[in-house]
Amino acid sequence: MKIQHLRHSVTADRDFIQTLRKRVMTHLKENGKTIYGNKRMYVKTGFMLALYFTPYFILLFGGIENNLVMLGLWALMGMGMAGIGLSVMHDANHGAYSRNKRVNYILGNTLAALGGSSNNWKIQHNILHHTYTNVSGMDEDIDPGPSLRFSPHKKRMKAHKYQHLYAWFLYGLMTLVWSTTKDFKQVSRYRAKGLLNTKERSYRAYLWDVILIKI
């Protein structure tokens, strides 16, 4: 499906959207809140980064030989990884972490420490997911491959009856796939769809970005 073949109406629900935005901004202003991160966000960021990197360096240089201790440190890293992905780089790559674009850029690239490309993530999440939310063939968040079925428009296989049982194992492999092949496939796919142009960067620049992250 080509991106340019889908268009959102510029008039449908316009009043609703404008009213919603106005009420949200009024609520924030009346309660002395900001659309950007606050001190609690900074504390959470430090905690999540420490939760990921501290066990990592202990595993590297701590001389740990006890398997149970190693498993525990890996588990802590997993929680730190999830925290960075869901609570740090996500907000930063939305431009919502800080008023300072450089801060957003730096913290958005903490995704590199998890093995992923923030440039690819912005296309997949900010453009495809948020523009075409739950639209089959456009939103990659509902298209994890043939093993899982998240849309009624996708062909149903017998195995999908049990996906609530085996999906957890596949989710555990996401980081491995992301840190090896996913980004390379995305760059190629986004180039074919003309999505790299949305960021005003060449295919070669994107590819080198991914290669350097993997190294």
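Filtering 170, 148, 207 for residues that are touching a helix residue (DSSP H, G or I) at 6+ places or on another chain (Cβ under 9 Å), aliphatic (A, V, I, L, M) and in contact (Cβ under 8 Å) with a residue 24 or more places away in the chain leaves a single hit, 170. When residues in the range 157-215 are screened for being farther than 18 Å from residue 129 by Cα and in contact with a Gly (Cβ under 7 Å, 6 or more places away or on another chain), 2 of them pass.
Every condition in (1) in contact with a helix residue (DSSP H, G or I) (Cβ under 6 Å, 6 or more places away or on another chain); (2) open to solvent by 30 Å² or more (accessible area, probe 1.4 Å); (3) among the small types (Gly, Ala, Ser); (4) under 19 Å from residue 193 (Cβ atoms) is met by residue 137 except one, and the failing one is (1). Would you check which residues across the range 185-215 are more than 20 Å from the chain's Cα centre (by Cα), part of a helix (DSSP H, G or I) and charged (D, E, K, R) and list them? Within the range 185-215, just 204 meets the criteria.
Among the residues of the range 66-84, some residue qualifies, meaning at least one is surrounded by 17 or more Cβ atoms within 10 Å (Cβ to Cβ) and touching a residue at least 60 places away in the same chain (Cβ under 8 Å).
Of all residues in the range 179-195, those satisfying the criterion of being free of Cβ contacts under 8 Å to residues at least 40 places away in the same chain and of a type in the set (A, V, I, L, M, F, W, C) are 184, 192. Taking first residues from the range 8-24 that are in contact (Cβ under 8 Å) with a residue 60 or more places away in the chain and partners that are not acidic (Asp, Glu), the Cβ contacts under 8 Å between residues at least 6 apart in sequence or on separate chains come to 8/131. Taking the criterion of being farther than 26 Å from residue 99 by Cβ, open to solvent by 70 Å² or more (accessible area, probe 1.4 Å) and of a type in the set (A, V, I, L, M, F, W, C), the residues of the range 5-52 that qualify are 10, 16.
Suppose we filter 124, 163 for residues that are open to solvent by less than 70 Å² (accessible area, probe 1.4 Å), farther than 30 Å from residue 200 by Cβ and outside any loop (DSSP other than H, G, I, E, B); which single one remains? Please lay out each step first, then the result.
Values: 124 fails: farther than 30 Å from residue 200 by Cβ.
Just one listed residue meets the conditions, 163.
Among the residues making up the range 171-189, those that are open to solvent by 50 Å² or more (accessible area, probe 1.4 Å) and hydrophobic (A, V, I, L, M, F, W, C) are 173, 174, 176, 177, 178, 184.
Which is among the β-branched types (Val, Ile, Thr) and under 20 Å from residue 200 (Cα atoms), of 106, 84?
Values: 84 fails: under 20 Å from residue 200 (Cα atoms).
Selected residue: 106, the only one of 106, 84 that is among the β-branched types (Val, Ile, Thr) and under 20 Å from residue 200 (Cα atoms).
For the range 25-65, name all the residues that are among the basic types (Lys, Arg) and in contact (Cβ under 8 Å) with a residue 12 or more places away in the chain.
The first filter runs over the range 25-65 and keeps only residues among the basic types (Lys, Arg), leaving 29, 33, 39-40, 44.
The one that is among the basic types (Lys, Arg) and in contact (Cβ under 8 Å) with a residue 12 or more places away in the chain: 44.
Answer yes or no: is there a residue in the range 96-119 that is aromatic (Phe, Trp, Tyr) and touching a residue at least 40 places away in the same chain (Cβ under 8 Å). Checked the range 96-119: at least one residue is aromatic (Phe, Trp, Tyr) and touching a residue at least 40 places away in the same chain (Cβ under 8 Å). Examine the range 148-160 for a residue that is touching a Phe, Trp or Tyr at 6+ places or on another chain (Cβ under 8 Å), modelled with pLDDT under 95 and closer than 30 Å to residue 196 by Cβ, and state whether such a residue exists. No, the range 148-160 has no match at all.
The values are calculated or read from the model by the stated rules, or taken from the named source; none is laboratory data. Everything numeric here is computed off the predicted structure, so don't read it as measured data. When we count neighbours, we look across all protein chains shown, and the Cβ atoms used for this are built from the backbone with ideal geometry, even at glycine. Surface areas here come from the heavy atoms of the whole protein model, side chains and all, with no ligands, DNA or RNA. Shrake-Rupley method; radii C 1.70, N 1.55, O 1.52, S 1.80 Å.
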